[in-house]
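The next block holds one structure in the form of structure tokens; read it before the comments.
The values are calculated or read from the model by the stated rules, or taken from the named source; none is laboratory data. These numbers were taken from a predicted model, which means no experiment stands behind them. Positions of Cβ are generated from backbone atoms using ideal geometry, with glycine treated the same way; all protein chains shown enter the neighbour counts.
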Amino acid sequence: MNTARVLDHIKTRFPDAVLDSGELSGDLQVSVSPDSFRQLMRFLHDDPQLGYGFLTDIIGIDHIPKTPRFVLVYILFALDGFRRLIVRLGANEDRPVPSVTGIWKSADWLEREVYDLLGIRFSGHPDLRRILTWENFDGHPLRKDFPLRGKDFDKPFDPETVVIE
């Protein structure tokens, strides 16, 4: 199934979910609404015509000062036809993103990594705790407002030390 047919198939089932779409290096990219995100992801996995059975990665991007502040990029792969789909979702600190661990088991550690490094919470995650930094680490190192210089990392995070270059 080519990218145009995949997009049409998604839009037929979820007409209001796709906010934007495009193609990059032959891969379909869709930006989706947070309201239908979980249902759409379940559809992408379960639909026999699509069959995105493998979640390759979840990437978090900090777009401060834009709103929404964060963008989550889910890279899905369908083994039949070797098709890749990139799903983008806007996220903010005040609204947790629905976890997809019930759809793809690989999301468990990927969501924990995004939580640890960017502070994005995932509702329904079975074990959302830090994975790369220690338990009492203060802050999230991949946020653009995280200090590049200043206080030692073993001391509490102080936003007054932030240097944005």
Just to be sure, is Arg69 in contact with a helix residue (DSSP H, G or I) (Cβ under 9 Å, 6 or more places away or on another chain) and farther than 15 Å from Phe37 by Cβ? no
Matching entry among Leu118, Leu89 (being at pLDDT 95 or above, surrounded by 15 or more Cβ atoms within 10 Å (Cβ to Cβ) and within 30 Å of Arg5 (Cα to Cα)): Leu89
Scanning segment 97-116 residue by residue, the ones that are within 12 Å of Leu72 (Cβ to Cβ) and touching a His at 6+ places or on another chain (Cβ under 9 Å) total 5
Specify the residue that is farthest from Phe82 (Cα to Cα); the eligible residues are those in segment 41-58 that are touching a helix residue (DSSP H, G or I) at 6+ places or on another chain (Cβ under 7 Å) and aromatic (Phe, Trp, Tyr). Phe43
Matching option when the condition is assigned to a strand (DSSP E or B) and either surrounded by 17 or more Cβ atoms within 10 Å (Cβ to Cβ) or among the aromatic types (Phe, Trp, Tyr) (or both), among Ile10, Ile58: Ile58
Test: Gly102 is in a loop (DSSP other than H, G, I, E, B) and under 18 Å from the mean Cα position of the chain (by Cα): yes
In segment 13-32, what residues are among the small types (Gly, Ala, Ser), assigned to a loop (DSSP other than H, G, I, E, B) and in contact (Cβ under 8 Å) with a residue 12 or more places away in the chain? Ala17, Gly26
Selected residue [assigned to a strand (DSSP E or B) and not acidic (Asp, Glu)] from Leu89, Leu132: Leu89
Are there any pairs, at least 6 apart or on different chains, whose C-beta atoms fall under 9 Å, with the first in segment 112-123 and part of a loop (DSSP other than H, G, I, E, B) and the second of a type in the set (Asp, Glu), and if so, which? Gly119/Glu93; Ile120/Glu93; Ile120/Glu111; Arg121/Glu93
In segment 92-114, the residues that are out of contact with any Gly (no Cβ under 9 Å at 6 or more places or on another chain), of a type in the set (D, E, K, R) and at pLDDT 95 or above: Lys105, Asp108, Glu111, Arg112
